[in-house]
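Read the structure below first, then the notes.
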Amino acid sequence: GAVVSQHPSRVICKSGTSVKIECRSLDFQATTMFWYRQFPKQSLMLMATSNEGSKATYEQGVEKDKFLINHASLTLSTLTVTSAHPEDSSFYICSASTAGVETQYFGPGTRLLVL
Amino acid sequence: KQEVTQIPAALSVPEGENLVLNCSFTDSAIYNLQWFRQDPGKGLTSLLLIQSSQREQTSGRLNASLDKSSGRSTLYIAASQPGDSATYLCAVPSGNTPLVFGKGTRLSVIA
């Protein structure tokens with residue numbers, strides 16, 4: 001149980017285009033979803049926290065107009081990287097948790113390469 | 001601001017060896033600490049979660065200890081196997097941030 005999926009697993013796009021990444025909780029209702037970014041040999045850095053039906057809370061330094069997060073249902077959150085640039089190339093990982101449970105369940109990650 | 005440091009950054013050992021990975025954190029006011037495993041290009045798998053009231057947790061060949069007052073945790077892996085090769089991440093909650101991660105220790109177990 002507690003499986004989280006991400007789609008796509010890998011995406012290559014041209015600079016200036018937008019990319020959408022999906023995060024789904026497959027067998028539980030995720031009241032909260034988290035989006036992380038991981039650069040090579042670096043820590044996972046929290047980008048934003050989203051609760052179903054409300055606006056995401058972004059960490060300091062993360063541009064909310066560039067990284068659009070939607071958590072429209074209890075099983076789906078999306079991260080859209082708008083007008084992507086090469087410096088946005090990274091590994092994006094989502095996680096999900098359910099109410100009253102402190103454990104986060106992580107997705108397999110999405111590798112984004114912006115050319 | 002919570003900072004998590006993991007030492008060593010990389011470790012290579014022969015199969016069968018016992019090994020210890022270290023994690024330190026600057027703010028000892030934590031309510032738990034987690035160890036994760038990350039395979040290359042993959043997501044995270046939770047290995048062990050230690051509550052602040054506990055001193056250690058065990059799962060199979062893995063044993064994690066927590067010394068909250070000194071801001072340290074260790075992950076002990078017994079009888080290492082090539083399948084244990086991965087990056088091991090330590091993480092603690094901090095304020096409104098649910099998890100603050102270290103950079104990880106990249107482990108290679110050589111057959």
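The values are calculated or read from the model by the stated rules, or taken from the named source; none is laboratory data. Given the structure is predicted, the values throughout are model-derived calculations rather than measurements. Here Cβ is always computed from backbone atoms with ideal geometry, including for glycine, and neighbour counts include all displayed protein chains.
What to note about this one:
- Only one of the numbered conditions (1) away from chain B (no Cβ under 14 Å); (2) out of contact with any helix residue (DSSP H, G or I) (no Cβ under 7 Å at 6 or more places or on another chain); (3) not aromatic (Phe, Trp, Tyr) is not met by A:Pro108, and that is (1).
- Scanning the stretch A:99-110 for residues that are among the polar types (S, T, N, Q), part of a loop (DSSP other than H, G, I, E, B) and crowded, with 16+ Cβ neighbours inside 10 Å turns up just one, A:Gln104.
- Condition check for B:Val109: part of a strand (DSSP E or B) and within 14 Å of chain A (Cβ to nearest Cβ): no
- Residue ID - modelled with the lowest pLDDT, chosen from residues in the stretch B:69-78 that are surrounded by 12 or more Cβ atoms within 10 Å (Cβ to Cβ) and outside any strand (DSSP E or B): B:Gly71
- Every listed requirement among (1) part of a loop (DSSP other than H, G, I, E, B); (2) touching a Cys at 6+ places or on another chain (Cβ under 6 Å) is met by A:Cys94 save one, (1).
- Residues that are within 10 Å of chain A (Cβ to nearest Cβ) and of a type outside the set (S, T, N, Q) within the stretch B:66-89 comprise just one, B:Leu89.
- Pair list, Cβ < 7 Å and 6+ apart or interchain, from the stretch B:28-43 residues that are within 19 Å of B:Ala86 (Cβ to Cβ) to residues that are assigned to a strand (DSSP E or B) and β-branched (Val, Ile, Thr): B:Leu33/B:Ile50; B:Leu33/B:Val92; B:Phe36/B:Thr45; B:Arg37/B:Thr45; B:Gln38/B:Thr87; B:Gly43/A:Ile93
- Long-range neighbours under 8 Å by Cβ, at least six apart or interchain, first residue over 13 Å from A:Ser77 (Cβ atoms) and at pLDDT 90 or above within the stretch A:49-61, second of a type outside the set (A, V, I, L, M, F, W, C) and not in a strand (DSSP E or B): A:Tyr58/A:Lys64
- Here A:Ala56 clears all of (1) of a type outside the set (Ser, Thr, Tyr); (2) within 14 Å of chain B (Cβ to nearest Cβ); (3) over 15 Å from the mean Cα position of the chain (by Cα) except the condition numbered (3).
- Single unsatisfied condition, B:Val20 versus (1) more than 10 Å from chain A (Cβ to nearest Cβ); (2) assigned to a strand (DSSP E or B); (3) in contact (Cβ under 8 Å) with a residue 60 or more places away in the chain; (4) of a type outside the set (Ser, Thr, Tyr): (3)
- Residue match in the stretch A:73-87 (condition: away from every other protein chain (no Cβ under 12 Å), modelled with pLDDT under 95 and assigned to a loop (DSSP other than H, G, I, E, B)): yes
- Among the residues of the stretch B:11-32, those identified as aliphatic (A, V, I, L, M) and either modelled with pLDDT of 95 or more or in contact with a helix residue (DSSP H, G or I) (Cβ under 7 Å, 6 or more places away or on another chain) (or both) are B:Leu11, B:Val13, B:Leu19, B:Val20, B:Leu21.
- The stretch B:82-91 - residue that is of a type outside the set (D, E, K, R) and surrounded by 13 or more Cβ atoms within 10 Å (Cβ to Cβ) and, of those, nearest to A:Leu46 (Cα to Cα): B:Ala91
- Residues satisfying the stated conditions in the stretch A:1-43, i.e. exposed (fewer than 13 other Cβ atoms within 10 Å of the Cβ), within 13 Å of chain B (Cβ to nearest Cβ), basic (Lys, Arg) and in contact (Cβ under 8 Å) with a residue 40 or more places away in the chain: A:Arg10
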